[in-house]
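Report on the following structure.
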Amino acid sequence: MTDTTDLLVIGAGPGGYACAFRAADLGLSVTLVDARDRLGGVCLNEGCIPSKALLHAAEIIREAQHMADWGITFGKPKLDLDALRAKKDEIVGHLTGGLTGLAGRRKVTTLQGKATLTGPNSAEIEGTQIRFDKAVIAVGSAPVQLPGWPEDDRIWDSTSALELRDVPKTLAIVGGGIIGLEMATVYCALGAEVTVVELADQIAPGADPQAVAILRDAQEAEGITIHTGTQVTEVTTTKATVTLTCTGAFEGQIKAKAVIQSVGRRANGDKVGAEAAGLSVSDRGVIEADATGATDVPSIFAIGDVTGNPMLAHRATHQGHIAAEVIAGHRAALETTLIPSVAYTSPELAWVGLTEAQAKAEGRNVKATSFPWAASGRNLASGGRDGLTKLVYDPATNRLLGASIVGRNAGELLAEVTLAIEMGARLDDIGLTIHAHPTLSETIAFAAERALGTLTDL
Amino acid sequence: MSDTIASPSTRRLAREQGVDIDALARKLGRTTISAEDISGSARPAASAGDTSYWDVDHSQYGPVTKEPMSRFAQVASKNLAAAQALIPAVTHHERADVSAIEALRKSWKAEAQARGVKLTALAFHVAALSRALRAFPRFNASLTPDGEDLVLKDYVHIGIAVDTPHGLMVPVIRDADRKGLWQIGAEIADLAGRAQARKVRQDEMGGASMTITNLGGIGGTAFTPIVNPPEVAILGITRTETVTHWDGDTPRPVPMVPLDLSYDHRVINGADAARFMTHYAGLIADPRNMLV
């Protein structure tokens, strides 16, 4: 039996479902297929959303501890891991169930199974042939497995870490990027003694070093050990521990009850039979697509992590909408290069646009201005600790080019600067926009005013 | 990051309408592009926008040489392009019987020689046009650039387009309505001669009520001249030809001059143009009408 559809979307993550829903709204018949039994992909099922649930729990534990300074003392928190896991799963179930409802309302056909392309207009899903006019590959990415590591139940990737199997007494995290730092934040709060090993010279590589230093200090103050500039050369296991042998800035061994590998993600382009459709896949699993999502094969589009870095859900969603519009005959393309990054650590670290280092690498003359959160009334009154709002701008025009924010709710604050950059705002525009007092958002206006010489709060 | 500042919705609009936002910014000499710029640019961009296909390496087809456009020619070409693009112009075709004029010129030949003035057909046209402009004041007018007012002129100056080796020049005969044919003829000869030598002064050009462009000495049966703003009309003349005129059943050969009036339709309507040219043809056909 052969089914036919206008559009086959392979992968139901934030890119795939956004693409399928938009295409259906534009009048196409759409089939959405995913190997999971629930929609939402990695993001909803084992990524962004469950990690945020656990980070919220971690933050409450941490906040409760810090309230001792305020004369409010709680007892040591009692952890019911089964209940916490169930709560997390309930949230995930609620959201993925909601997606199923949204799909049904749009008459998007959803199929469970592994889809394999068999030609430029055909695919096979668990033995069923399906013919399509256009297909969108949105199969995402998977955690990188380091070569030479032993198979062991105590060696986790981000997916197994979010399953919350237990809280090991000691936990080593290899890879100090966003995912590794978030896991450190969760497990530290839950009681593990956490050590982070990062190959690069700073955690959150690519982020502004000044902002990262504040995050690092805060994480170390919570008891997390951080080794940057350090490489793991050997992993051995005994019955009692997993041992990491390290060289570099830190020389020695780290013994831990469990290890999380979080050294990045690899695109899943080689898992959909792309070659059968005439597509080439890079040795990193990436399928190249242009700003409209178009690949070398006219009937096939690709969006999200499978098209390479940055592998972020919000990028995939936008790419998905655009691919759907282009397939429905509209003129559209991803116009922007502004893709915000947020580490939901404690404190949060968020950045967008140009950093000073990037500008220097591009030979572009920029200046930076900042406002320290130690001078923010709202931050101090809310129990917030160190933080920084830093803006990068063009000194010739005062046009805002980038921002890095570290502190509580930095991820939420980032939206203002992202919109400001999209709109071509100058520091003057931000300074002249009235920000409510007292808020954390004021720090953005203060940073702008500081550069303009109109600041009276510092 | 693009150096052109435009909001995401403006960028989307540009893509939908096929407008290259960076190219538009360069064209407008701006760093910021708004949605209004996109909607306003959509139509000109379609008709006058992309000239990249004009840029051809002609030498691939055969030998070529290159000569620079003079500064004078570059200014003229800009003005002509603007006039053609911005003025909704219509060309009205008419012809006039020149038997009487030709007869007059013949009979005054001796006097012309005595005066040292060459009495050309063009002198009659200048005289006729200056009288016609007095009779039809809306043809002796200019529209303000904002299009809100019409400036009516209480003087009649006639521009004469002169073909010179260094380009087209338009010297002006001032107060032509108060000058006789001999004087007009003399001034045409003087200005045209000096134009050839590029010796016309700045104050002898500009401010015309209307311009005459006369190809009669060269040839042609009709053409569509481009209005020379801020004037609202231009009169083109081509070569006189003898046509068959029927007096009842009797054919009669009549020398007729073809006349082409291009006019700014914002100021002049077709019916007005037809009336104007009928009047004008009457002045040429019977120059005595210029006296009354």
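My understanding is that a pair violates if its Cα-Cα distance is over 25 Å; which of A:Lys88/A:Lys134; A:Lys88/A:Lys390; B:Lys106/B:Lys179; B:Lys153/B:Lys179; A:Lys52/A:Lys169; A:Lys169/A:Lys390 do that in this structure?
Too far apart for the 25 Å limit: A:Lys88/A:Lys134; A:Lys88/A:Lys390; A:Lys169/A:Lys390.
Once you list every other residue whose beta carbon is under 14 Å from the beta carbon of B:Ile184, what net charge do they have if Lys and Arg are +1 and Asp and Glu are -1?
Computed value for this residue: +3.
Can you work out the Karplus-derived ³J(HN,Hα) for every residue in segment A:203-214? Use 6.51 cos²θ - 1.76 cosθ + 1.60 with θ = phi - 60°, whole Hz, and x for glycine or proline.
The phi angles translate into 6, 6, x, x, 7, 4, x, 5, 5, 4, 4, 5 Hz.
Given the C-alpha centroids of segment A:60-101 and segment A:335-364, what is the distance between them in whole angstrom?
One Cα centre to the other: 30 Å.
Can you tell me, using C-alpha contacts under 8 Å and at least 6 residues apart, the relative contact order of chain A as a whole percent?
15 percent
Net charge around A:Gly383, counting only other residues with Cβ within less than 15 Å of its Cβ (Lys, Arg = +1; Asp, Glu = -1)?
-2
Once you order the gyration tensor axes a ≥ b ≥ c over the Cα atoms, which shape class does segment B:132-182 get: rounded for a/c under 1.5, otherwise prolate or oblate by comparing a/b with b/c?
Taking the square roots of the gyration eigenvalues as a ≥ b ≥ c, segment B:132-182 is oblate.
With r defined as the distance between the Cβ atoms of A:Val144 and B:Asp22 and R0 fixed at 41 Å, what FRET efficiency is calculated, to the nearest 0.05?
The calculated FRET efficiency here is 0.60.
Helix-derived [θ] at 222 nm for chain A: sum -39500 (n - 2.57) over DSSP H runs of at least 4, divide by residue count, nearest 500?
Per the formula, -10000 deg cm²/dmol.
Put a dot 7 Å past each Cα toward the Cβ at B:Thr164 and B:Asp203; how far apart are the dots in nm?
Calculated label separation equals 1.8 nm.
If the viscosity is 0.692 mPa s and the temperature 37 °C, what Stokes-Einstein diffusion coefficient in µm²/s follows for the protein assembly as shown when Rh is the Kirkwood radius over Cα pairs?
My calculation gives 99 µm²/s for D.
Going out from 0 in 10 Å bins, what whole percent of all Cα-Cα distances in segment A:106-210 drops into each bin?
Percent of pairs per bin, in order: 11, 30, 21, 20, 16, 1.
Could you compute the net charge surrounding A:Gly285? Neighbours are other residues with a C-beta less than 12 Å from the C-beta of A:Gly285; K and R count +1, D and E count -1.
Local net charge: 0.
Place a point 7 Å from Cα of B:Trp246 in the direction of its Cβ. Which residues in segment B:94-138 have their backbone N less than 20 Å from it?
B:95-97
Taking R0 as 35 Å, what's the FRET efficiency between B:Asp272 and B:Arg178 from their Cβ-Cβ distance, rounded to 0.05?
Efficiency at R0 = 35 Å is approximately 0.90.
Would you calculate a helix-derived [θ] at 222 nm for chain B, using -39,500 (n - 2.57) for each DSSP H run of n ≥ 4 and dividing by the full residue count, to the nearest 500?
Result for chain B, helices only: -11000 deg cm²/dmol.
Run the numbers for B:Ala81 and B:Thr31: contour at 0.36 nm per residue of separation, minus the present Cα-Cα distance, in nm.
Contour length minus Cα-Cα distance gives 15.4 nm.
Can you pull the Kirkwood radius for chain B, inverse mean 1/r over Cα pairs, to one decimal in Å?
22.1 Å
How high is the relative contact order of segment A:155-263, in percent, with contacts defined as C-alpha pairs under 8 Å that are six or more residues apart?
Once normalised by length, the contact order is 35 percent.
If the chain between A:Asp133 and A:Asp89 were fully stretched, how many nm would it gain, using 0.36 nm times the residue separation less the Cα-Cα distance?
Result for the pair: 12.2 nm of gain on full extension.
Arrange the peptides A:120-129, A:317-326 so that the one whose residues have, on average, the most other Cβ atoms within 10 Å appears first.
The peptides rank, most packed first, as A:317-326, A:120-129.
With each label point set 7 Å from Cα along the Cα-Cβ vector, what nm distance links B:Leu150 and A:Thr336?
The modelled label-to-label distance comes out at 5.3 nm.
With an 8 Å cut-off on Cα pairs and a minimum separation of 6 or more residues, tell me the relative contact order of chain B in percent.
In percent, rounded to a whole number, it is 21.
All of the numbers you see were taken from the coordinates with simple rules; none came from a lab. Computed from a prediction, not measured in an experiment: that's the story for all the values here. Positions of Cβ are backbone-derived with ideal geometry, glycine not excepted, and every protein chain shown enters the neighbour counts.
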